[in-house]
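Enquirer: Take this structure first; my questions come after.
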Amino acid sequence: MATELSMLTEPIVVTQALAGEQELGGRTVDYFEIEWYEASRSKMRKKTQGGVEVLVDKAHREPLEDGDLLYLSEDLAILLKIKPCECVVLYPSSLQEVGTICFEIGNKHVPIFMNDAQEVCVAYDAPLYQLLLSGGFVMEIEERVLHPAQMVKAYGNLARKK
Amino acid sequence: MHEISIVRNVFQTLQETYPDKFERITKVQIEAGLLSNIQPILIQNAFEALIMEEPQLADVELEVLLLPIIAHCHTCDKDFEVKRHKFVCDCGTPSKKIVQGEELQISRIEFLENEPQDIKA
C-alpha cells in the first residue's frame, strides 16, 4: 500500500495529529522525518521514509511531537519522527545553576529543553558552547531528540505535557 | 535575534523581484550556513509571527536548510567539513579558507502552477 501511495500525485494532507494511543495492528509503519526546529511549522511538504508525499497544513500553531500519528489507513500508519541532533547537554548541580544557565542561553533567544532525565539541552552552537565553557558549567556534546513538549517557556512552565 | 527583520526582508525582496507572481508563491527555501549566525527555529517562529501580521502569507511554505561549514585544505588540495568549528583538516593542517557556511540566501522559490525556480539571492 505504501508503494501505491508513493505513486500518488496529490500528497496526503495532514491538518493535525490524530488521537494518540491507536492500535497500529499489522499496518506498515512509515515515518515522516523532520528537524527539531520544524515541529512548529504550520506548513511543510516532504516525503516519508517510504516515499509517500505528505503535506502538513495546520490551522493551529500547536507543534507536532515526536511519535504523533499523522495518518492511518487500513494498511498504513505514518508517524512523525523528530531527528536527533547534536546538543549541548548540561548537568546543573543546583536550581541556582539552572537559572544561570537559562539566563545565559535565554539571552541568545535560543530554546532550552529540560528532559525527563533532568538534563538541560540546547541545540549545539559553537559560540554558545564556548560561552558556557568559559562559565565553567558541566556539559557534554551529545545527540538528543529535542521534544517540543520539553521546551522551557519564559514563564518557567513546560510547553505541553503529554 | 535579528530573524524577524530577515524574514521581512526576504518577503520584501520577493515582492520587489516578482511583483506579478508574488501572490502565486507557494514555497520559499532559505539556505543558512552555520557561520551565518542564524537560528532556524527563530526564522520559523518569525515567519509564523509574520503570518499573523500578513495572513496572505499563510499559504506559503518556508523551509530553512542549514548548510555545514566546508573549508579548503591547501596541503591536501581538498575541501573538508568543519565539525564543531574545528577548522583543521584530517591531515592536521589548519585552514581559514571557507568554501561554504557563511551564506544566507533565498535558494529556491516555487510558484503555483509553475516550475520551481532555483535562485541565489
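Enquirer: Quote the relative contact order of the range A:85-150 in percent (integer), defining contacts as alpha-carbon pairs under 8 Å separated by 6+ residues.
Expert: Values: 81 pairs, mean separation 34.6, N = 66.
The value is 52 percent.
Enquirer: Still on this structure, I have one more. Report the far tail of the P(r) of the protein assembly as shown, meaning the percent of Cα-Cα pairs longer than 29 Å. Each step should come with its number before you reach the end.
Expert: Details: 17130 of 39903 pairs.
When all Cα pairs of the protein assembly as shown are counted, 43 percent exceed 29 Å.
Enquirer: Just flag the GluC sites (Glu not before Pro) in the range A:34-112 sitting in loop per DSSP whose Cβ has no more than 13 other Cβ atoms within 10 Å. All intermediate terms of the calculation are to be shown ahead of the outcome.
Expert: Numbers: sites: A:GLU35, A:GLU38, A:GLU53, A:GLU65, A:GLU74, A:GLU86, A:GLU97, A:GLU104; in loops: A:GLU35, A:GLU65, A:GLU74.
Of the GluC sites (Glu not before Pro), the ones in loops of the range A:34-112 whose Cβ has at most 13 other Cβ atoms within 10 Å are A:GLU74.
Enquirer: Next question, about the same structure. Which percent of the Cα-Cα distances in the range A:85-150 go past 17 Å? Could you put the intermediate results ahead of the total?
Expert: Working: 650 of 2145 pairs.
Summing the P(r) of the range A:85-150 above 17 Å gives 30 percent of all pairs.
Enquirer: If you plug each phi of the range B:50-62 into the Karplus form 6.51 cos²θ - 1.76 cosθ + 1.60 with θ = phi - 60°, what whole-Hz ³J(HN,Hα) values come out, in order, with x for Gly and Pro?
Expert: 5, 4, 5, 7, 10, x, 5, 7, 4, 8, 9, 9, 10
Enquirer: Follow-up question, since we're still on this one. Which values, in whole Å and largest first, are the semi-axes of the equivalent ellipsoid of the range B:30-121 obtained as the square root of 5 times each eigenvalue of the Cα gyration tensor?
Expert: Details: eigenvalues 237, 48, 11 Å².
Working through the eigenvalues yields semi-axes of 34, 15, 8 Å.
Enquirer: Could you put A:LEU79, A:LEU24 in order, starting from the residue whose Cβ has the fewest other Cβ atoms within 10 Å?
Expert: Details: A:LEU79 19, A:LEU24 12.
Listed from fewest to most nearby Cβ atoms, that is A:LEU24, A:LEU79.
Enquirer: Could you work out the per residue convex hull volume over the alpha carbons of the range A:5-162, in cubic angstrom?
Expert: Details: hull volume 20.2 nm³, N = 158.
Dividing the Cα hull volume of the range A:5-162 by its residue count gives 128 Å³.
Enquirer: Do any chymotrypsin sites (Phe, Trp or Tyr not before Pro) in the range B:23-95 lie in a loop, going by DSSP, with at most 16 other beta-carbon atoms within 10 Å of their beta carbon, and if so which?
Expert: Numbers: sites: B:PHE47, B:PHE80, B:PHE87; in loops: B:PHE87.
Answer by residue number: B:PHE87.
Enquirer: A further question follows. May I ask for the angle, rounded to the nearest 10°, between helix A:95-106 and the longest principal axis of chain A, with both axes built from Cα atoms and the value confined to 0 to 90°?
Expert: 70
Enquirer: Shifting gears a bit: Let me check against my output: what whole-number percent is the relative contact order of chain B, with C-alpha pairs under 8 Å and at least 6 apart? Please list the in-between numbers first.
Expert: Working: 201 pairs, mean separation 37.7, N = 121.
Once divided by the residue count of chain B, the mean separation gives 31 percent.
Enquirer: Right, another one. What span do the alpha-carbon atoms of the range A:2-82 cover on each of the three principal axes, reported in whole Å from largest to smallest?
Expert: Principal extents (largest minus smallest coordinate, Cα): 31, 30, 20 Å.
Read-outs throughout are calculated quantities, based only on the coordinates presented, and are distinct from any laboratory measurement. Since the structure is predicted, the reported quantities are computational estimates derived from the model, not experimental observations. Note that each Cβ is placed from the backbone with ideal geometry, even for glycine, and that neighbours are counted across all protein chains shown.
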